[in-house]
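The values are calculated or read from the model by the stated rules, or taken from the named source; none is laboratory data. What you see is a predicted model; the values in this text were computed from it and never measured. Here the Cβ is made from the backbone with ideal geometry for all residues, glycine too, and neighbour counts use every protein chain on show. Accessible surface is based on the protein model in full, side chains and every heavy atom, while ligands, DNA and RNA are left aside. Shrake-Rupley method; radii C 1.70, N 1.55, O 1.52, S 1.80 Å.
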Amino acid sequence: YILDRLRLLILTLADGQPDAAEPTANEAYQLLRTQGLNADKTAASVIFNERVRTWKGEPFEQAMAYSYIAVQKAMRGEWDNARAAAQSSLFLLRDFGENERGEKLTAEDLARRAAETEARGGSGDALIDHGYTPIKTDFALGYLLAGLSNRALGRVDEASDNFREAAAVNPALGPLCEQLRTGDFNTVFVVDYGVGPRKTAFGRDNALVRFEPAWRST
């Protein structure tokens, strides 16, 4: 349901109709923001609404949805709402640490640990819900949109912080971030290009998911 709202939003923006996209963008935003946020503000995947459970998507999918909402608000000149949506895309991520080989813990490693915990009579869900450290996101687009919105609102220092984070995540964005920081522009283009990553199932019983590039990209 949320994915259909997002698709409609993207198509409506591609038609150059941000006003017509307003109800769709607002509905998607409310659904993404509903319940489920932990105290540390990491991404929550599920909405619980009485007896209804709604899947909100992987963190990457949620971040992209917030970005399109931010673009829609910016196209309408609603920079405060654009800022709120962009900031929502910058939720904390969960770092589960390293495996026995000193490598970043993979989804397979985490699933195995959860299964081992349950085999010993513990709770695998508790391991996943609490066995992590909240860390800053590396979502450069969110930082750019938040910086642009803050710049439009006259929040220069906050905008500079956002642009600095974007450039730290992706150094190739340095020149763009500097130009946006100085305000030496009068138009910003947000361009969709190429094909997004493909979401595929893998692992035992295809119980895990990952994103694989479908288009060469820097």
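Within the shell of other residues whose beta carbon sits under 13 angstrom from the beta carbon of ALA70, the net charge comes to +1, with Lys and Arg scored +1 and Asp and Glu -1. Taking the DSSP beta bridges with both ends in the range 40-155, the antiparallel portion is around 90 percent.
Toward the positive end of the charge dipole of the range 1-89, with +1 on the Cβ of Lys and Arg and -1 on the Cβ of Asp and Glu, the farthest Cα among ILE2, ILE47, GLN72 is that of ILE47.
The accessible-area ordering, largest first, of the residues ARG33, ARG151 stands as ARG33, ARG151, per a 1.4 angstrom probe. By how many nm would the segment from GLU27 to MET75 lengthen if fully extended, with 0.36 nm per residue of separation less the alpha-carbon distance? Full-extension gain reported as 15.5 nm. Taking amide H as placed 1.01 Å from N in the peptide plane, the amide H of ASP95 sits under 5 Å from that of THR133, ILE135, each at least 5 places away or on another chain. Using θ = phi - 60° in the Karplus curve 6.51 cos²θ - 1.76 cosθ + 1.60, the 3J(HN,Hα) couplings for the range 12-27 round to 5, 5, 4, 7, x, 10, x, 5, 5, 7, 4, x, 5, 4, 5, 5 Hz; x is entered for Gly and Pro.
Rounded to the nearest whole Hz, the Karplus-based 3J(HN,Hα) values (6.51 cos²θ - 1.76 cosθ + 1.60, θ = phi - 60°) of the range 92-106 follow the sequence 5, 9, 9, 9, 8, x, 10, 8, 5, 8, x, 9, 4, 4, 8, with x at glycine and proline. Put a plus charge on the Cβ of each Lys and Arg, a minus charge on the Cβ of each Asp and Glu, and nothing anywhere else: the dipole of the range 80-155 about its Cα centre is then about 480 debye. If the chain linking ARG198 and PHE60 were pulled fully straight, counting 0.36 nm for each residue of separation and taking away their Cα-Cα distance, it would gain 48.5 nm.
Cα gyration tensor of the range 121-218, axes a ≥ b ≥ c as square roots of the eigenvalues: rounded (a/c below 1.5), prolate (a/b > b/c) or oblate? The shape class here is oblate.
Of all accessible surface on the chain at a 1.4 Å probe, what whole percent is carbon and sulfur?
Values: 6940 of 13450 Å².
About 52 percent, which is the carbon plus sulfur part of the accessible surface.
Accessible surface for the chain, divided over its residues, is 62 Å² per residue with a 1.4 Å probe. For LEU208, the amide hydrogen comes within under 5 Å of the amide hydrogens of PHE202, counting only partners 5 or more places away or on other chains and with H modelled in the peptide plane.
Exposure check, 1.4 Å probe, all protein chains in place: GLU178 carries approximately 90 Å² of accessible surface.
Estimated at the nearest 10 Å², the accessible area of TYR143 is 20 Å² with a 1.4 Å probe.
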